[in-house]
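Remarks on the structure that follows.
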Amino acid sequence: MNEFVPQRTAAYISQYDLHIGEMTVRETLAFSARCQGVGDRYDMLAELSRREKQANIKPDPDIDVFMKAAATEGQEVNVVTDYILKVLGLEVCADTMVGDEMLRGISGGQKKRVTTGEMLVGPAKALFMDEISTGLDSSTTFQIVNSLKQTVHILNGTAVISLLQPAPEAYDLFDDIILLSDGRIVYQGPREHVLSFFESMGFRCPERKGVADFLQEVTSRKDQMQYWARRDQPYRFVTADEFAEAFQSFHVGLQLEDELRTPFEKAKSHPAALTTKKYGVGKW
């Protein structure tokens, strides 16, 4: 961790929306982009251009223009800001004041997206989001998670999101699920295999039950019994520790362990991949 600056490589997004009410949405994102700087984008672009020349590849003109504009200090603001405004669906209120208790502004769902957008415009590739659905209805949460999914897939980033009782539609947008219980990781891996893991332990999710609710209840002492599916064996409470141990011998757990056991070769990584400077903007 001492070889780069983790605070600038990753970003934490809080569940509280703290904004300056008198600034418009576009100004808020532009100011945030300017403060965070371009990070490693310029070095990455230089490396990319070198490899393209070497392999004799002619880049797609649109992507090329976007990357060059995003990597130029001072210019990155308008291009990246406009792009993130579009991806997060904030164009309709781009020139509206954010507002606060005294000043009428944008809606709650839009505010949440601005909070997320503030970090997306920066160079951080790993986003850690803390219960971003607080105070929102399920359709707005779905829209926000959906737009985050687009961003993560397009810009090749990573988002770790904790959600409070997500709707089935929002749950289905995720690639991977991490299930925590009593401080143990009960399951971590592709969303498709989570139900088969619990079935291997003897617990089945009823057809009309939302998977997210099932996952929260199946590890709790109070609700676990109703999901027991092995009629030939008597039920007994399975603790989080037992689930965590069983997961290590489940095929997803074994695959994860294999991946983590292979050490990452530092020679393969480019020095520009991680931010080493503490500040985003020079004194000038």
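The values are calculated or read from the model by the stated rules, or taken from the named source; none is laboratory data. These figures come from a predicted structure and were not determined experimentally. Neighbour counts run over all protein chains shown; Cβ positions are idealised from the backbone, glycine included. We work out accessible area using only protein heavy atoms, side chains counted, and drop any ligands, DNA or RNA first. Shrake-Rupley method; radii C 1.70, N 1.55, O 1.52, S 1.80 Å.
Things to note:
- Of all residues making up the range 150-173, the number that are within 11 Å of the chain's Cα centre (by Cα) and within 19 Å of residue 12 (Cβ to Cβ): 8
- Selection status of residue 47, open to solvent by less than 40 Å² (accessible area, probe 1.4 Å), touching a His at 6+ places or on another chain (Cβ under 7 Å) and at pLDDT below 75: yes
- Every condition in (1) more than 19 Å from residue 89 (Cβ to Cβ); (2) surrounded by 18 or more Cβ atoms within 10 Å (Cβ to Cβ) is met by residue 199 except one, and the failing one is (2).
- Within the range 186-206, residues that are without any contact (Cβ under 8 Å) to a residue 24 or more places away in the chain sit with their Cβ atoms under 6 Å from residues that are open to solvent by less than 30 Å² (accessible area, probe 1.4 Å) and in a strand (DSSP E or B), at 6+ positions apart or across chains, in these pairs: 191/177; 194/177; 194/187.
- Answer residue from the range 20-44, given it is open to solvent by less than 40 Å² (accessible area, probe 1.4 Å), of a type outside the set (Ser, Thr, Tyr) and modelled with pLDDT of 80 or more and is nearest to residue 102 (Cα to Cα) among those: 21
- Selection from the range 212-242 of residues that are within 25 Å of the chain's Cα centre (by Cα) and open to solvent by 30 Å² or more (accessible area, probe 1.4 Å): 213, 216, 217
- When residues in the range 90-130 are screened for being surrounded by 14 or more Cβ atoms within 10 Å (Cβ to Cβ) and of a type in the set (D, E, K, R), 7 of them pass.
- Some residue of the range 199-214 being modelled with pLDDT of 85 or more and in contact with an Asp or Glu (Cβ under 6 Å, 6 or more places away or on another chain): no
- Looking only at the range 60-87, and only at residues there that are loosely packed, with under 13 Cβ neighbours inside 10 Å and not in a helix (DSSP H, G or I), the one that is modelled with the lowest pLDDT: 74
- Inside the range 137-174, residues that are open to solvent by 30 Å² or more (accessible area, probe 1.4 Å), over 18 Å from residue 80 (Cβ atoms) and among the polar types (S, T, N, Q) make up a count of 7.
- Test: residue in the range 113-133 that is assigned to a loop (DSSP other than H, G, I, E, B), closer than 26 Å to residue 281 by Cβ and over 15 Å from the mean Cα position of the chain (by Cα): no
- Residue in the range 256-264 that is open to solvent by 60 Å² or more (accessible area, probe 1.4 Å), among the basic types (Lys, Arg) and either on the phi > 0 side of the Ramachandran plot or part of a helix (DSSP H, G or I) (or both) present: yes
- Strands (runs of 3 or more DSSP E) wholly inside the range 154-255 that include at least 2 residues being of a type in the set (Ser, Thr, Tyr): 158-162
- Among the conditions (1) over 30 Å from residue 30 (Cβ atoms); (2) surrounded by 11 or more Cβ atoms within 10 Å (Cβ to Cβ), residue 249 misses just one, which is (2).
- Residue within the range 245-263 that is under 23 Å from residue 165 (Cα atoms), among the basic types (Lys, Arg) and modelled with pLDDT of 85 or more present: no
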